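Presented below is the structure to which this report refers.
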Amino acid sequence: MYPFGSGMPQPHPPTSTPGYNPQPGMSAGVPFGAGWVAPTQHPHQQQQQQQQQQPTNSHYPSAATHHAPYPTNNAPYPPTNTAPYPTTNSAPYPTAGPYPHATPYPSNNGHQPSPYPGSSYPHNPHQTPYPTSTGSPAHYHNPSYGQAPPTHPTSYNPNHGYTPVRTSMGLESPAGNIQHCFEELAQRQGHPIQHHYSTAPRREGTPTVFPAQNFDPVKDAHDLRKAMKGFGTDEDALINIICRRSNEQRQEIQRQYKTHFGKDLIEDIRSETSGNFEKLLVGLLRPIVDYYCHELNDAMAGIGTDEDVLIEILCTLSNHEIHTIKNQYLRLYGAHLESELKSETSGNFKRLLVSLCTAARDESGHVDRAAAQSDARELLKAGELRVGTDESMFNMILCQRNYQQLKLIFQEYETMTGHSLEKAIKKEFSGDIMEGLIAICRCVNNKAEYFASRLHKSMAGIGTNDKQLIRVIITRCEIDMADIKAAFERMYGKSLKSWIKGDTSGHYKHALYALVGEQRSNS
C-alpha cells in the first residue's frame, strides 16, 4: 500500500466483489438510505435469540449473559488474545501520536508495502467515526468490547481542508475505509479475517435502478456532452444515461466529464434543462449523502420549515446513515444539524427530532417479550390511562427500541387495548409530533407502504408536490421502489405509473418512468 502523498493509487477491493460494501458499518450490499437492515446471524446467535423470545421476568434490556446483544466468548468472534488488535494491556490503535508505534513505512531493504491507510486515515484517531449505540452489532473487532461506549464524537471540522468525494469505494470520508485498513493489518500480522455476517449481498427490498452492466464512464461522459453541445438538447439521451445508472456510477461519469471537457456536468445540465426535469437530473447527479443534506437544509432555509421532510428523513434512516449525514452537513453548510433542528422546531416535536438525530437506537435485532409487555403497559399508562399525555415515554420507547422489539411492543399494545398504537397516537397527539410518531410506527410495520403513502400524498388533490415526488423516487429507486410500487397499487387501486402520467408531463414524466422501472409510453 503506497503512503499517502506518494501520488500512487491506493489498492482497494473492487466493487464487483460479492457482498462488498463501500460504506463501513453497514450490512453488506445495503445501499445508503435503506435504513437499518437486520444482520445475517450465526446459527449460534439465532439459537440465543429464540431462547430470548421465551417469556421472562427480566427487565428490558436484561443484564443476563444470554440476553446480551453481543455474543459470548464461544460465539464466532475470536477470543481477545487472537484478535488482530492490540490486547487491553497494550496501547490501542492508533496511539496518542499521529502514527502507530509500529513504523508504517517499509525499511530500505524491506519489500512489504506499508499498512498506512492512505486518504482514509482518521483525522480524529482517538474517536470512532460513527459510534454504535449500546446493543448494536459490532461490525469489526473491538478491543474495548464490554467497556462503556464512548461518547459521541463531535463532527469533523469543516475547516480541515478535506473534501469528501465519491469514488468506486463510495463516499470517502476521513474514516472512509478504516475497516479495510484494519483487515489489512490483521492479514499482515498473520491473523485470519473473520466476517460476522454473510458475504452474500443483502437488500431490504427490490430496487428499480441497478448499476449498468459493462459500464463505461468515459463513453457516457462523451455521450452526455454530445447531447448538450450545439443548438438544442437531446433530452432522451440525458434520460437514458443519467436515469439508468447507479448513484456511484453517476459520480464517476461526472469526474470523467470534468476531466475530459473541463466543465461541470451539473452546471451544463442546469444550462440546458429547466423546471422539474432539471431538478430531477441535478438531484440524481448529487452524491446521495449530499442530496440528503441538501434536502434537510432546504427544508429549514428561509421563512418556515417543511416538517414533513425532517420526519421523512430522520424517521427512516439507520444510526450509521444519520451520523454520516450529520458530519457531511457540517462540512457542506458549516452548521451542526442538531443545532439547526433546535432553532427551527419547538416543543415535543423538537425533542423527538433531537432524539432521532442523536442516532442511538438499539440495532441489535434482539427481542424480549416480557420487556415488550412492560413497554406496552408504560405506553398505555402514559397515554390513554391518564389525563393528558406523557410525551417523553412515547419519545423514549419509539426512538430507542429496535424495530423487531417495537413490532412486539405494538402487538402487545393491541392485545391489551383491542386497537393499534397508531390509533392511540392519533387520539393523544396532534400536529407535527403526531406525524413523526406515526411515521416511526409505519416504518416499523411496513416501510414500503409508508413511502407509498408519501408518493400518494405528493400527487393527491389539486396540484403536485414535485419536490416530495422527486425526493422519494431519487432516494428509494436503488433500494425498494419495486416494493413501493406494489404497495401503492395495493393501497390505492391504481398503478404508480398511472398517477405519474396524470400529474406530470414531457421529459420529466419519462425520466420518472425510467426511475420507477416503467416503459416509456407514447402519450
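The values are calculated or read from the model by the stated rules, or taken from the named source; none is laboratory data. Treat the numbers as computed from the prediction; the structure is a model and nothing was measured. Note that each Cβ is placed from the backbone with ideal geometry, even for glycine, and that neighbours are counted across all protein chains shown. We work out accessible area using only protein heavy atoms, side chains counted, and drop any ligands, DNA or RNA first. Shrake-Rupley method; radii C 1.70, N 1.55, O 1.52, S 1.80 Å.
Counting only heavy atoms of the protein chains, get the accessible area per residue of the stretch 390-495 (1.4 Å probe) and round it to a whole Å² value.
39
Quote the FRET efficiency, to the nearest 0.05, computed for GLU414 versus GLU489 with a Förster distance R0 of 35 Å and r equal to the Cβ-Cβ distance.
0.85
Work out how much length HIS456 to ALA237 would gain on full extension: take 0.36 nm times their residue separation and subtract the Cα-Cα distance, in nm to one decimal.
Difference between extended and current length: 75.9 nm.
Using a 10 Å cut-off on Cβ atoms, rank the peptides 400-411, 214-225 from the highest mean neighbour count down.
Sorting 400-411, 214-225 by mean packing, highest first, produces 400-411, 214-225.
Suppose accessible area is computed on protein heavy atoms with a 1.4 Å probe; arrange SER274, SER374 from highest to lowest. Walk me through the intermediate numbers first.
Working: SER274 80, SER374 35 Å².
The most accessible residue leads, giving SER274, SER374.
What is the Cα centroid distance between the stretch 314-349 and the stretch 457-483, reported in whole angstrom?
Going from one Cα centre to the other spans 22 Å.
Could you report the accessible area of VAL30 in Å², rounded to 10, computed with a 1.4 Å probe on the protein chains as they sit in the structure?
Accessible area of VAL30: about 10 Å².
Using a 1.4 Å probe over the heavy atoms of the protein chains, calculate the carbon and sulfur portion of the accessible area of the stretch 351-478 as a whole percent.
Answer for the stretch 351-478: carbon and sulfur cover 47 percent of the accessible area.
Would you kindly compute the Cα radius of gyration of the stretch 226-331 and its largest Cα-Cα separation (Dmax), both in Å?
15.8, 48
Using 7 Å Cα-to-Cβ label points, what is the MET393/LYS342 separation (nm, one decimal)?
Result for the modelled spin labels: 2.8 nm.
Could you tell me which of rounded, prolate or oblate describes the stretch 359-497, using a ≥ b ≥ c as the square roots of the eigenvalues of the alpha-carbon gyration tensor, with rounded for a/c under 1.5 and, failing that, prolate when a/b is larger than b/c and oblate otherwise?
Prolate shape, in that a/c is at least 1.5 and a/b is the bigger ratio.
Rounded to whole Hz and in sequence order, give me ³J(HN,Hα) for the stretch 393-409 from the Karplus expression 6.51 cos²θ - 1.76 cosθ + 1.60, θ = phi - 60°, writing x for Gly and Pro.
5, 4, 4, 4, 6, 6, 9, 10, 6, 6, 4, 5, 5, 5, 4, 5, 4
Can you work out ³J(HN,Hα) from phi for every residue in the stretch 351-365, in order, using Karplus 6.51 cos²θ - 1.76 cosθ + 1.60 and θ = phi - 60°, giving whole Hz and x for Gly and Pro?
5, 5, 5, 5, 4, 5, 5, 5, 6, 10, 5, 5, 10, 6, x
Using θ = phi - 60° and the Karplus relation 6.51 cos²θ - 1.76 cosθ + 1.60, list the HN-Hα couplings for the stretch 261-270 in order, rounded to whole Hz, with x at every Gly or Pro.
After applying 6.51 cos²θ - 1.76 cosθ + 1.60, I find 10, x, 10, 8, 5, 4, 5, 5, 4, 5 Hz.
Would you kindly find the accessible area of GLU278, with a 1.4 Å probe and non-protein molecules such as ligands, DNA and RNA excluded, rounding to the nearest 10 Å²?
50
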